[in-house]
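The values are calculated or read from the model by the stated rules, or taken from the named source; none is laboratory data. Quick caveat, the model's predicted, so the values are computed rather than measured. Here the Cβ positions follow ideal geometry from the backbone for every residue, glycine too, while neighbour counts run over all protein chains shown.
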Amino acid sequence: MCPGSKKKKVSISILFLAIFFSTVGGQCYNQCSGNGECDPQGFCDCWDGYDGWDCSFLRCPSAPAWADIASGTDDAHNDAVCSNMGYCNGETGLCICHEGFTGRACERMSCPNDCNGHGQCLSMAEAAAAEDGNRLIHVASYEAWDADMIYGCVCDEGYEGYDCSLRPCPVSDSALTSGQQDESVVLFCRCGDDCTNTFRLRYKGQYATISPFMSAGEVADRIMAMSSVKSDATEYTSPPVVATFSGAATVCSSEGTAATITFTRDPGDLPPVFIKFDKLTSSEGSDVHMTTEATLVCTCVGACGGHFRFVGDRGEATEKLPFSAGESMIQTTLSRLSDLSSANITVTISDGVGSACQDSATVNTTIAVDLDYGNYPLQVVPSLFDDGQQQQEDEPPMMTLTTNDGDKEQEYCAGLGSCDFSTGQCTCDEDYEYDQEYGPCGQYVVDHSHWAGRQMCPGFVLRPSFLALGTETNEWNLYFTDGGDNSSDPFTEDDSFDSTVVLPGYYW
Ligand SMILES: [Ca+2]
Ligand SMILES: [Ca+2]
């Protein structure tokens with residue numbers, strides 16, 4: 001045995017003897033370091049902020065544990081030193097947190113890479129309560145155990161990804177599918193001839209100020225001036241926002257104007273447009289709101305014993321409605337959704353029909369929802385099953401719900417290129433290039449070299465959508481040479497042609 005280890009053994013023995021003699025008779029070792037009281041059994045009861053058997057350590061802060069062992073049914077995440085996600089340094093009383101966690105007690109997550117400076121780092125509770133009209137649409141409260149513990153990035157416009165490090169490329173509709181609609185919102189404004197002040201529209205967090213006597217063109221211009229509206233092209237064949245009025249030539253009128261505002265350049269289902277109109281005044285009073293009009297089309301064909309539900313904003317589903325539901329039952333059921341009441345819902349079933357679905361006929365039900373924003377995102381979920389039992393083996397019901405929401409694709413680089421998410425730049429597939437209307441990669445590059453100076457395509461002009469659908473349509477004035485017969489029908493069997501593909505809006 002080496003001398004060093006013998007010496008150590010002796011010193012440990014002395015320590016144990018010291019503890020034994022110092023604790024008998026209610027005496028605590030080291031007199032609890034002056035940081036606690038000695039109980040009759042000789043144990044230290046440390047004061048707040050101190051820890052250790054002799055109260056010589058500084059206590060680190062506690063907070064709900066990230067992981068612990070449940071002490072009863074659903075009783076977990078109880079307070080723990082450094083939230084069970086870090087070590088306590090007893091000399092300093094500071095927690096040394098595991099990577100990715102922060103706070104005095106390691107009680108909250110840090111955001112990945114601090115959102116790279118391109119987003120807000122918000123807790124679950126903060127994100128629920130925030131509203132910016134763009135990524136954070138609805139105010140809600142969230143108070144579960146992780147409400148103040150789990151954090152994430154809410155990226156600024158133009159950035160994406162969990163840490164806001166990605167630069168998304170421009171999105172466009174895919175020209176390979178057709179028959180889809182642009183999103184539109186319907187604004188109603190009734191305000192007398194002495195209407196004063198202005199109201200504001202908010203879209204993706206940006207505002208447009210609208211005067212009550214503006215024309216449709218002026219309203220569209222104000223909306224297009226918002227940076228949140230996709231209108232990067234300086235020249236375009238159609239404007240990115242189109243407004244049409246019915247009822248009057250001005251956006252507000254004493255009898256009321258319904259203004260339909262269509263976003264022709266931003267594809268897909270867009271965030272709602274909000275109105276702020278509290279300053280608008282008139283001696284005749286005023287009424288400003290957005291209307292979402294949804295059309296439910298149903299025929300239940302021998303399977304009319306099932307039911308359906310609506311799903312509203314926030315993803316809430318209504319109670320189930322029988323296919324035989326009438327106007328007032330639909331209105332009452334919808335009014336129980338958050339944000340809605342009977343006063344702002346109007347339900348109209350096609351003339352002379354008492355129920356939303358019929359065995360023998362197709363029924364149209366119009367549901368108008370008036371709120372201070374549009375569109376209200378209403379969906380319908382039909383079911384043949386009632387209380388878990390299939391009714392019969394008949395044809396399923398045909399039930400669809402259409403709204404003013406846009407349904408075009410939101411594809412990076414028009415789906416015809418690849419996106420470099422570090423730069424937000426598209427690399428277009430071969431033969432595609434930037435298009436003023438469809439954005440990057442939206443235009444097919446036509447080889448004009450064999451046209452011999454002619455303005456008209458000597459080949460065959462076809463939309464990719466027609467190719468995909470196999471539709472034979474001569475929607476444009478197509479001119480082509482086809483071996484000499486110059487048929488007015490460009491799609492006859494014996495025609496031969498150069499197949500040249502261009503996108504909608506491109507002809508010459
Ligand atoms: Ca499309
Ligand atoms: Ca929408």
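Miscellaneous remarks
- Screening Ser324 with (1) out of contact with any Ser or Thr (no Cβ under 6 Å at 6 or more places or on another chain); (2) among the hydroxyl-bearing types (Ser, Thr, Tyr); (3) surrounded by 15 or more Cβ atoms within 10 Å (Cβ to Cβ) gives one miss only, at (1).
- Qualifying residue in segment 289-307 (condition: within 20 Å of Leu337 (Cβ to Cβ), more than 16 Å from ligand 1 (Cβ to nearest atom) and at pLDDT below 90): yes
- The strands (runs of 3 or more DSSP E) located wholly in segment 398-444 that include 1 or more residues which are within 16 Å of ligand 1 (Cβ to nearest atom) and among the hydrophobic types (A, V, I, L, M, F, W, C) occupy 439-444.
- For segment 158-188, the candidate set comprises residues that are away from ligand 1 (no atom under 16 Å from the Cβ) and touching an Asp or Glu at 6+ places or on another chain (Cβ under 6 Å); within that set, the residue that is farthest from Asn113 (Cα to Cα) is Pro168.
For (1) of a type in the set (Phe, Trp, Tyr); (2) surrounded by fewer than 17 Cβ atoms within 10 Å (Cβ to Cβ), each residue gets a yes or a no:
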{"site": "Val185", "(1), (2)": "no, no"}
{"site": "Tyr203", "(1), (2)": "yes, no"}
{"site": "Met214", "(1), (2)": "no, no"}
{"site": "Ser228", "(1), (2)": "no, no"}
{"site": "Pro240", "(1), (2)": "no, no"}
{"site": "Ala243", "(1), (2)": "no, no"}
{"site": "Ala248", "(1), (2)": "no, no"}
{"site": "Asp269", "(1), (2)": "no, yes"}
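- Single residue of Cys191, Cys155 found to be closer than 30 Å to Ala67 by Cα and either crowded, with 18+ Cβ neighbours inside 10 Å or away from ligand 1 (no atom under 16 Å from the Cβ) (or both): Cys155
- Residue within segment 276-290 that is touching a helix residue (DSSP H, G or I) at 6+ places or on another chain (Cβ under 8 Å) and over 21 Å from Arg222 (Cα atoms) present: no
- The set of residues in segment 170-196 that are under 25 Å from the mean Cα position of the chain (by Cα) and in a strand (DSSP E or B) comprises Val171, Ser172, Glu183, Ser184, Val185, Val186, Leu187.
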